[in-house]
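To keep things clear, I will list the structure first and then write my remarks on it.
Nothing in this text is a laboratory measurement; each read-out follows from the coordinates by a stated rule. Since the model is a prediction, treat every value here as computed from it, not as a measurement. No Cβ is skipped: glycine too gets one built from the backbone with ideal geometry, and neighbour counts run over all protein chains shown.
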Amino acid sequence: MLRADDPAFEKFGEIYFSAIYPDVVKGWHLHTTMTLNYVVVTGMIQLVLYDQREKSPTRGTIQEIFMGDQNYVRVTVPPGIVNGFKGIGPSPAIVANCATEPHYPGEIIRIDPHHNDIPFQWRKGQ
């Protein structure tokens with residue numbers, strides 16, 4: 001997933017695993033200081049990233065990444081990028097996140113998955 005000598009490696013804070021069932025949305029949220037490194041161990045997800053950072057050249061951009069058994073990749077999400085994911089396919093997915101900091105509640109901002117200003121709509125069966 002990630003080696004200490006990998007160019008994407010910053011530092012180790014924690015690693016955790018999250019199960020997500022088909023058609024279930026987990027999101028939206030952003031981290032104010034933490035960098036995330038997502039890998040799907042089994043199953044498939046649709047990861048959606050939204051850049052709302054004020055001075056970013058990609059401000060307003062949406063990126064969708066389908067990752068898991070059929071597309072094994074690691075996605076690094078820097079602080080300030082809104083992200084969420086949805087389980088896709090016939091079986092649950094297991095997502096691993098190797099984060100640069102231990103989780104603490106004051107560092108995460110949660111956003112309602114369906115009622116927000118993000119220009120993306122989660123669709124059923126997608």
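Listing for the model above:
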| item | result |
| --- | --- |
| Backbone HN-Hα couplings from phi across the range 92-102 [Karplus 6.51/-1.76/1.60, Hz, Gly and Pro as x] | x, 10, 10, 9, 9, 10, 9, 9, 7, 9, x |
| Charge sum, other residues only, whose C-beta stays under 9 Å from Gly27's C-beta, Lys/Arg counted +1 and Asp/Glu -1 | +3 |
| Calculated FRET value between Ile15 and Glu107, using beta carbons and R₀ = 22 Å, to 0.05 | 0.85 |
| Reachable aspartates and glutamates from Lys86, criterion Cα separation under 12 angstrom, eight or more residues apart if same chain | Asp23, Glu64 |
| Simple Cβ-charge dipole of the chain, Lys/Arg +1 and Asp/Glu -1, about Cα centre, in debye nearest 20 | 220 |
| Sequence-separation-based contact order of the range 14-110, relative, with Cα cut under 8 Å and 6+ spacing, percent | 50 |
| Added length on full extension, which subtracts the Cα-Cα distance from 0.36 nm per residue, Leu2 to Asp69 | 22.4 nm |
